[in-house]
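Quick one: the structure is below, questions incoming.
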Amino acid sequence: MTEHSPIILIGAARSGTKFIRDLLAHDAKIAKVPYDINYIWRTGQLSLDHDALDPASLTPRRIKAIRTAIEQLAKRQGKSNPVILEKTVSNCLRIPFVDTVYPQARFVHLVRDGRAVIESSHRLWLAPPDGRGLFRKAVEMPPKQWGYLFWFAKNYLKGRLKGRSGGEIWGPRYPGIVEDVQGKPLMKVVIRQWAECVSRASADLSRLNPSRVLTIRYEDLMFSQSALTKLCDFAEVENPAVILEEFTRVAEPENVEKWRSKLSSDLQREVTETVGPILRQFGYSED
């Protein structure tokens, strides 16, 4: 696979990044990495207790290992000399690190109403892990990355000991999350997780050349064809009509405001009071 300018899809967990990744991959020249690959980005740093990786930790050898592993996964899509499309939610916390690995990358920052994300994330924190997805990763994971599987198993056992169906920690690990899960109510951890992902990504992306970054709201994509066209233009999609047709087939805009019936009024108030400035930053009403 030759050198190219990949598209890195950035977004907090449960923001719709998987949907957008799979949608854009219908383009003939875009090859997606089929699942989150935190274990690849953390090559040589699996023991670190958070995902905010320092670009100073990168060496030419480590950069090459990360790129090679990513490109091998994308190559399995069977497309000739494609543009790589990669999304790993923990990348929200380490834009400078990702930028150092792929200094020519384009970044799509997908933002979704924090109340919808937090409600959905809270359910995933408590849910059993995706066994099928884990098995697929485990089968394709090289032996040198098995340390990530050991961490996952240990994390799962800790969660079970706390009476959860899932692990002790789910999703992006912001610095301090280990301490937070020990001493704070779960909802407060989930709220901070979303805030850390969105605020860190927004601040770090603002330091890059604007031509390399597209920030777009999930809600706008659901209800505005012009927003989808803007995304296709940025990704240099060859045939936007194919993407639009697939979007029309699979999109579920009726679910955009489902959080209003899922979150109690007290929790809605708590979330809004805690992350109100971030909601306003991206144009979300606080009512």
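The values are calculated or read from the model by the stated rules, or taken from the named source; none is laboratory data. Since the model is a prediction, treat every value here as computed from it, not as a measurement. Here Cβ is always computed from backbone atoms with ideal geometry, including for glycine, and neighbour counts include all displayed protein chains.
Can you name the residue in segment 139-161 that is surrounded by 12 or more Cβ atoms within 10 Å (Cβ to Cβ) and farther than 20 Å from Leu48 by Cα and is also modelled with the highest pLDDT among such residues?
Only one residue tops the list, namely Arg160.
Test Ser261 against the criterion of being closer than 22 Å to Thr274 by Cβ, of a type in the set (Ser, Thr, Tyr) and either surrounded by fewer than 16 Cβ atoms within 10 Å (Cβ to Cβ) or at pLDDT below 95 (or both), and give yes or no. If you could, list the steps in order and put the result at the bottom.
Values: closer than 22 Å to Thr274 by Cβ: yes; of a type in the set (Ser, Thr, Tyr): yes; either surrounded by fewer than 16 Cβ atoms within 10 Å (Cβ to Cβ) or at pLDDT below 95 (or both): yes.
It is true that Ser261 is closer than 22 Å to Thr274 by Cβ, of a type in the set (Ser, Thr, Tyr) and either surrounded by fewer than 16 Cβ atoms within 10 Å (Cβ to Cβ) or at pLDDT below 95 (or both).
Next up: If a residue counts only when it is within 18 Å of the chain's Cα centre (by Cα) and closer than 25 Å to Thr248 by Cα, which helices (runs of 4 or more DSSP H) contained entirely in segment 1-111 have at least 3 such residues?
Passing ranges, in order: 17-24.
Okay, next question. Are there any pairs, at least 6 apart or on different chains, whose C-beta atoms fall under 7 Å, with the first in segment 213-236 and touching a residue at least 24 places away in the same chain (Cβ under 8 Å) and the second of a type in the set (Gly, Ala, Ser) and assigned to a helix (DSSP H, G or I), and if so, which?
Ile216/Ala227; Leu221/Ala227
Out of the residues in segment 165-194 that are surrounded by 17 or more Cβ atoms within 10 Å (Cβ to Cβ) and more than 22 Å from Ala116 (Cβ to Cβ), which is modelled with the lowest pLDDT?
Gly167
This table checks each residue for (1) in contact with a strand residue (DSSP E or B) (Cβ under 7 Å, 6 or more places away or on another chain); (2) over 21 Å from Phe152 (Cα atoms); (3) surrounded by fewer than 16 Cβ atoms within 10 Å (Cβ to Cβ).
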| position | (1), (2), (3) |
| --- | --- |
| Ala31 | yes, yes, no |
| Tyr39 | no, no, no |
| Pro60 | no, yes, yes |
| Ile70 | yes, no, no |
| Ile84 | yes, yes, no |
| Leu93 | no, no, no |
| Pro103 | no, yes, yes |
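What pairs can you find where one residue is in segment 137-149 and closer than 14 Å to Gly44 by Cβ, the other is in a loop (DSSP other than H, G, I, E, B), and their Cβ atoms are less than 8 Å apart, with a gap of 6+ or different chains?
These pairs meet every condition: Gln145/Thr43; Gln145/Leu46; Gly147/Leu46; Gly147/Ser47; Tyr148/Arg42; Tyr148/Leu46; Tyr148/Met141.
Could you grab me the full set of residues in segment 176-232 that are hydrophobic (A, V, I, L, M, F, W, C) and not in a helix (DSSP H, G or I)?
Within segment 176-232, Leu208, Val213, Leu214, Ile216 meet the criteria.
In segment 195-214, is there at least one residue being of a type in the set (Ser, Thr, Tyr), under 22 Å from the mean Cα position of the chain (by Cα), within 20 Å of Lys18 (Cβ to Cβ) and surrounded by 15 or more Cβ atoms within 10 Å (Cβ to Cβ)?
Here is the first cut: in segment 195-214, the ones of a type in the set (Ser, Thr, Tyr) are 199, 202, 206, 211.
Cutting the leftovers down to under 22 Å from the mean Cα position of the chain (by Cα) gives us 199, 202, 206, 211.
Remaining after also requiring within 20 Å of Lys18 (Cβ to Cβ): none.
No: zero hits.
While we're on this one: For segment 150-170, which positions are outside any loop (DSSP other than H, G, I, E, B) and without any contact (Cβ under 8 Å) to a residue 40 or more places away in the chain?
Answer for segment 150-170, where residues must be outside any loop (DSSP other than H, G, I, E, B) and without any contact (Cβ under 8 Å) to a residue 40 or more places away in the chain: Phe150, Phe152, Ala153, Lys154, Asn155, Tyr156, Leu157, Lys158, Gly159, Arg160, Leu161.
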